[in-house]
């Protein structure tokens with residue numbers, strides 16, 4: 001899919017790569033490894049077309065698209081979040097517009113003409129391309145990616161300029177993932193992601209349809225995702241058929257084998273040289289000596305490169321604190337209508353080591369400012385314990401450094417008298433080596449200034465450390481230096497980070513912040529916390545399934561019940577209807593009998609009937625017969641009415 005051939009890159013007298021070659025196959029997951037400054041980002045920029053190499057070339061097919069996400073430097077403005085991300089589908093939108101335009105031209109052509117037929121074929125080809133792009137899925141894809149990366153639906157209509165630098169990088173990442181280039185270049189993609197967004201992105205990348213080349217200091221991500229590692233060291237590249245952990249072990253084995261080969265070769269060279277030196281002056285051995293000299297000249301000497309010095313740092317013993325280091329009692333904090341937490345109680349004691357996690361905007365940084373006393377709660381109290389001495393590292397501290405001082409002056413100025421001698425060593429641990437320490441702070445990159453701020457913070461004597469994303473700009477070696485120092489540190493600390501491999505060995509509690517919920521404490525490290533969250537999700541899913549089953553069962557029961565009720569109603573109706581018909585007929589008959597009675601009574605009152613015995617007897621007999629019928633009808637009406645009343649009562 002993509003080939004790097006004899007690439008040569010240099011900056012001034014410094015050679016970054018010389019004759020670098022390797023290939024990238026479809027759907028490969030490759031990690032670039034090596035210390036900061038080894039050329040990983042430079043190479044990625046060359047592959048992405050951002051930088052031109054001094055020589056060599058990058059070969060790829062015409063259809064192969066390469067997408068590049070830099071570490072920083074993305075600034076988008078003047079367009080809404082939704083419109084910016086939707087531009088990832090510009091080609092699909094253009095296809096639809098072209099189809100619409102060509103379809104409009106059809107009306108002006110004769111359906112029997114050749115131009116009409118040609119235009120129809122052209123529209124058909126475009127529609128096939130449009131169908132392949134599946135435009136109906138654009139909106140759900142965009143929503144899924146944006147929400148997965150932590151955006152809210154209310155953010156969709158906001159101007160991109162309203163988002164901070166970290167969120168700008170998320171916008172660029174969202175757009176890149178939706179474009180889905182055949183080769184995806186990611187330079188520290190998790191630096192600006194919280195733990196929820198990071199886990200979503202990991203799942204997304206696992207199923208990504210193209211090849212992925214990634215630079216990351218997150219070992220957990222590299223081990224989970226990558227299947228091949230290219231390590232850069234002193235201008236060379238070595239390939240390893242495995243993830244970062246495999247590379248770490250295999251590189252040690254390779255070095256041991258190379259050292260053995262080097263020693264064996266040196267013994268061979270010494271033996272040959274000794275023979276040459278011993279018999280050089282003897283004419284009888286001249287032929288053998290010349291043979292040995294040629295043999296020596298042909299030997300390709302194995303070079304053993306010196307490893308970068310492994311630096312270490314140990315915190316000076318901090319002043320002892322009381323058992324309680326810092327507390328928040330009944331603390332509440334809100335910004336306008338946004339409630340961060342309410343009536344929150346928290347205490348960190350001597351020697352406790354705690355990770356702070358949660359999505360961006362949930363209150364992690366606010367909590368750090370409150371627990372360090374930099375900001376007061378709206379209600380409740382904050383207290384430091386006896387002899388507690390706090391030192392706080394935040395990303396904003398990098399902006400407060402004096403740009404006119406050198407790196408070394410900045411570090412020595414922040415250190416106590418006892419710690420000042422440690423400044424040079426500690427700067428070396430965090431990638432400022434040799435003449436780098438004499439650079440002015442003002443010429444440093446954002447990541448370099450952040451590392452200087454971290455060094456300054458670590459040089460201050462403290463028994464309570466608060467570190468906000470300390471590993472974002474550290475290479476793996478520097479992370480290990482800080483991790484080892486924290487492991488031996490006798491004081492207390494809180495660390496805001498999503499870097500699981502860094503945190504897991506050095507924390508024993510995890511404090512979670514989540515919007516709309518009170519903070520929660522978990523009695524374990526990040527892996528323990530994530531396992532518990534998965535268990536909760538599983539329980540919720542199980543509860544939902546039970547509820548759905550119960551609902552389904554209830555629904556089934558209700559259906560059966562309705563069927564039974566309908567059957568019963570039908571059965572009742574089969575009985576009721578004749579009774580109701582009979583009742584209606586009886587009521588009519590009774591009315592007719594009563595009317596006939598009234599007529600007979602009136603007839604019997606007539607003078608001619610009353611005076612005529614035969615007529616009176618005839619009328620009286622008729623009245624009695626009618627009265628008997630009326631009574632029978634009324635009696636039956638009563639029976640039918642009672643029967644209906646019983647049937648209609650539930």
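The numbers here are math on the coordinates, done by the rules we state, and not lab data. These numbers come from a predicted model, not from an experiment. Ideal geometry is used to build each Cβ from the backbone, glycine not excepted, and the neighbour counts take in all protein chains shown.
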### Query
In nanometres, what is the gap between the two model label sites at residue 409 and residue 514, each 7 Å from Cα along Cα-to-Cβ?
5.0 nm
### Task
Grab the beta carbon distance between residue 396 and residue 527, set R0 = 30 Å, and tell me the FRET efficiency rounded to 0.05.
0.50
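Based on the mean of other beta carbon atoms within 10 Å per residue, what is the order of 293-303, 592-602, 223-233, 446-456, most packed first? Spell out each step's value before the answer.
Numbers: 293-303: 10.5, 592-602: 13.6, 223-233: 19.6, 446-456: 22.4.
In decreasing order of mean packing, 293-303, 592-602, 223-233, 446-456 become 446-456, 223-233, 592-602, 293-303.
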### Query
So how do 63, 121, 397 line up by other beta-carbon neighbours within 10 Å, fewest first?
63, 121, 397
### Summary
segment 283-355 and segment 114-151 have their Cα centres apart by a whole-number Å value of 49 Å
#### Entry: Over the chain: helical MRE at 222 nm, DSSP H runs n ≥ 4 each giving -39500 (n - 2.57), nearest 500
-16500 deg cm²/dmol
### Task
Quote the convex hull volume per residue of segment 249-298, based on C-alpha atoms, as a whole number of Å³.
55 Å³
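Just order 405-415, 77-87 by mean Cβ neighbour count inside 10 Å, highest at the front, would you?
Details: 405-415: 19.7, 77-87: 16.5.
Answer by packing, highest mean first, reads 405-415, 77-87.
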### Task
For residue 337 and residue 113, compute 0.36 nm times the residue count separating them, minus their Cα-Cα distance, and round to one decimal in nm.
73.9 nm
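How would you order 471-481, 143-153, 272-282, 490-500 from highest to lowest mean count of nearby Cβ atoms within 10 Å?
Details: 471-481: 21.1, 143-153: 17.8, 272-282: 13.1, 490-500: 22.6.
In decreasing order of mean packing, 471-481, 143-153, 272-282, 490-500 become 490-500, 471-481, 143-153, 272-282.
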## Note on the structure
Rounded to one decimal in nm, the spacing of the 7 Å Cα→Cβ label points at residue 302 and residue 264 is 0.7 nm
### Query
How big is the C-alpha Rg of segment 42-155 next to the rule-of-thumb value 2.2 N^0.38 Å, as a ratio?
1.52
### Task
Could you state the angle between the C-alpha long axis of helix 244-279 and the longest principal axis of the C-alpha atoms of the chain, as a value from 0 to 90 degrees rounded to the nearest 10?
20 degrees
### Summary
Counting only DSSP beta bridges with both partners in the chain, the antiparallel fraction in percent, to the nearest 5, comes to 50 percent
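Output the relative contact order of the chain, whole-number percent, from Cα pairs under 8 angstrom with separation of 6+ residues. Display every interim value, and only then the final one.
Numbers: 939 pairs, mean separation 75.6, N = 650.
Reported relative contact order: 12 percent.
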### Query
If the chain between residue 383 and residue 14 were fully stretched, how many nm would it gain, using 0.36 nm times the residue separation less the Cα-Cα distance?
127.5 nm
### Query
Can you list the residues of segment 332-358 with backbone N under 14 Å from a point 7 Å past the Cα of residue 375, pointing along Cα to Cβ?
332-342
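Mind checking the alpha-carbon convex hull of segment 112-215 and giving the volume per residue in Å³?
On the way: hull volume 15.1 nm³, N = 104.
Expressed per residue, the convex hull around the Cα atoms of segment 112-215 is 145 Å³.
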### Relative contact order for segment 1-100, counting Cα pairs under 8 Å that sit 6 or more residues apart, in percent
29 percent
### Query
Points 7 angstrom from Cα along the Cβ direction at residue 98 and residue 293: gap in nanometres?
7.2 nm
### Summary
Taking Cα atoms only, helix 195-206 is inclined relative to the longest principal axis of the chain by an angle, in degrees rounded to 10, of 80 degrees
### R0 of 25 Å, Cβ-Cβ distance residue 180-residue 22: FRET efficiency to nearest 0.05
0.60
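For segment 2-248, what does the relative contact order come out to in percent, with C-alpha contacts under 8 Å and a separation of six or more? Present the calculation step by step, with values, prior to reporting the outcome.
Numbers: 384 pairs, mean separation 78.1, N = 247.
32 percent.
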### Query
To the nearest Å, what is the center-to-center distance of segment 408-477 and segment 189-255, using C-alpha atoms only?
27 Å
### Query
What area, in nm² and to one decimal, does the C-alpha convex hull of the chain cast on average over all directions?
63.4 nm²
### Task
Between residue 157 and residue 599, take the C-beta separation as r, use R0 = 60 Å, and let me know the FRET efficiency to the nearest 0.05.
0.10
